[in-house]
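**Student:** I have a structure here, written as structure tokens, and I will follow up with some questions on it.
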Amino acid sequence: MFKKNKHGIQVKTPEQLEKMRSAGLVVGRTLQLLRDSVRPGMTPLDLDAIAEKAIRDEGAIPSFKGYQGYPATICASVNEEVVHGIPGDRRPLREGDVISIDCGAILDGWHGDSAITVGVGEIDPKLTELMRVTEEAMWRGIAALTVGRHLSDIGFEVERYVRSQGRYGIPQEYGGHGIGTEMHMDPWVANHGRPGRGPRFETGMCFAIEPMVNLGTDRTRVLADDWTVVTIDGKPSAHFEHSVAVTDNGPWVLTALDGGKARLGELLGEKAGTDGKTE
């Protein structure tokens with residue numbers, strides 16, 4: 001029922017990709033709602049409640065809640081928190097903060113997973129640039145998802161772009177993953193490395209591409225809650241993610257409302273992101 005290639009990577013049929021697209025759109029619409037909702041005075045727990053309602057209202061299930069004991073619908077990582085921040089209500093968001101929101105949903109047994117970083121009110125231009133660099137690095141990694149290229153090309157393109165933009169830290173121990181009937185599947189996808197290594201991409205493979213970039217060091221540590229990852233030097237971090245399918249027409253960004261057409265059209269040509277239904 002669920003085909004895997006010789007490397008153990010799940011390969012989806014066109015019909016299964018359509019189901020993943022439906023799950024991806026739930027996540028994409030939820031993140032757009034959350035982006036529009038962020039403002040000073042809100043708490044990450046407020047955003048978590050908005051996310052859970054939005055996902056369930058679409059007939060989907062939050063994929064993070066209960067996953068390995070995780071207690072919330074979203075990961076909400078503020079400022080120096082890199083990933084896996086647990087939403088709470090002790091500290092409201094303040095003008096000048098940045099918050100990374102990671103969100104996942106299951107629809108008809110298929111997963112969507114995506115993340116954005118949002119500035120709270122007016123933020124330091126250095127943080128605006130950090131977010132721009134991280135998001136663009138994600139798109140450069142996504143653009144590598146063309147039939148015949150290699151898994152390591154994703155990390156190579158991410159790292160090459162980040163290094164070209166200045167002195168930023170790329171946490172080495174965190175990265176993307178395969179996605180489909182489970183949220184985290186083989187293979188692990190590094191955000192660094194040499195090109196031309198690992199399995200070749202085939203039509204029907206799906207990956208979550210998610211660079212995390214720090215304003216300072218690449219070194220991190222995990223807090224006592226056993227989830228929240230923070231930068232060692234206390235400097236802010238940004239995180240962007242999309243779930244992406246490999247198609248004969250290039251990458252199809254399942255969690256982007258336009259399928260990735262606008263950005264990938266600039267990077268790869270007109271056909272990019274057009275496989276399947278888009279909204």
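Values quoted throughout were computed directly from the atomic coordinates according to the rules given, and no laboratory measurement underlies them. Remember, it's a predicted structure, so these values are computed and weren't measured experimentally. Note that we place each Cβ from the backbone using ideal geometry, even for glycine, and neighbour counts take in every protein chain shown.
**Student:** Between SER164 and ARG90, with labels modelled 7 Å along Cα→Cβ, what's the label distance in nm to one decimal, could you check?
**Tutor:** 4.2
**Student:** Relative contact order for the chain: what percent, with Cα pairs under 8 Å and sequence separation of 6 or more?
**Tutor:** Relative contact order comes out at 21 percent.
**Student:** Taking 51 Å as R0, compute the FRET efficiency from the Cβ-Cβ separation of LYS3 and ALA49 and round it to 0.05.
**Tutor:** Working from the Cβ atoms, E equals 0.85.
**Student:** Turning to a different aspect of this structure: Can you work out the FRET efficiency for the pair ASP225 and ASP258, with r the C-beta to C-beta distance and R0 = 41 Å, to the nearest 0.05?
**Tutor:** Given R0 = 41 Å and the Cβ-Cβ separation, E is 0.70.
**Student:** List the DSSP H helices in the chain whose Cα atoms stretch 15 Å or more along the helix axis and whose mean Kyte-Doolittle hydropathy is at least -1.0.
**Tutor:** 14-37, 44-57, 125-143, 152-164
**Student:** Continuing with the same structure: Which of the following values of Cα Rg over 2.2 N^0.38 Å was calculated from the structure shown: (i) 1.00; (ii) 1.17; (iii) 0.93?
**Tutor:** Among (i) 1.00; (ii) 1.17; (iii) 0.93, the one calculated here is (iii).
**Student:** Still on this structure: Once you have the Cα-Cα distance between VAL11 and THR181, take 0.36 nm times their residue separation minus that, and quote the gain in nm to one decimal.
**Tutor:** Stretched out fully, the VAL11 to THR181 stretch lengthens by 60.1 nm.
**Student:** If you count, for each residue, the other Cβ atoms within 10 Å and average over each peptide, how do 174-185, 205-216, 254-265 line up from highest to lowest?
**Tutor:** By packing density, highest mean first, the sequence is 205-216, 254-265, 174-185.
**Student:** On to the next question. Tell me, what is the FRET efficiency for ARG197 and GLN172 to the nearest 0.05, using R0 = 25 angstrom and their Cβ-Cβ distance as r?
**Tutor:** The calculated FRET efficiency here is 0.95.
**Student:** I want to check a number: in the chain, how many lysine pairs have alpha carbons closer than 13 Å, given a sequence separation of 8 or more or different chains?
**Tutor:** Close lysine pairs under the 13 Å cut-off: 7.
**Student:** Same structure again: If packing is taken as the average count of other Cβ atoms within 10 Å, what order do 105-112, 226-233 fall into, highest mean first?
**Tutor:** The packing order, highest mean first, is 105-112, 226-233.
**Student:** When ranked by the protection proxy of mean other Cβ atoms within 10 Å per residue, highest first, what sequence do the peptides 148-155, 235-242 form?
**Tutor:** With the highest mean Cβ count within 10 Å placed first, the list reads 235-242, 148-155.
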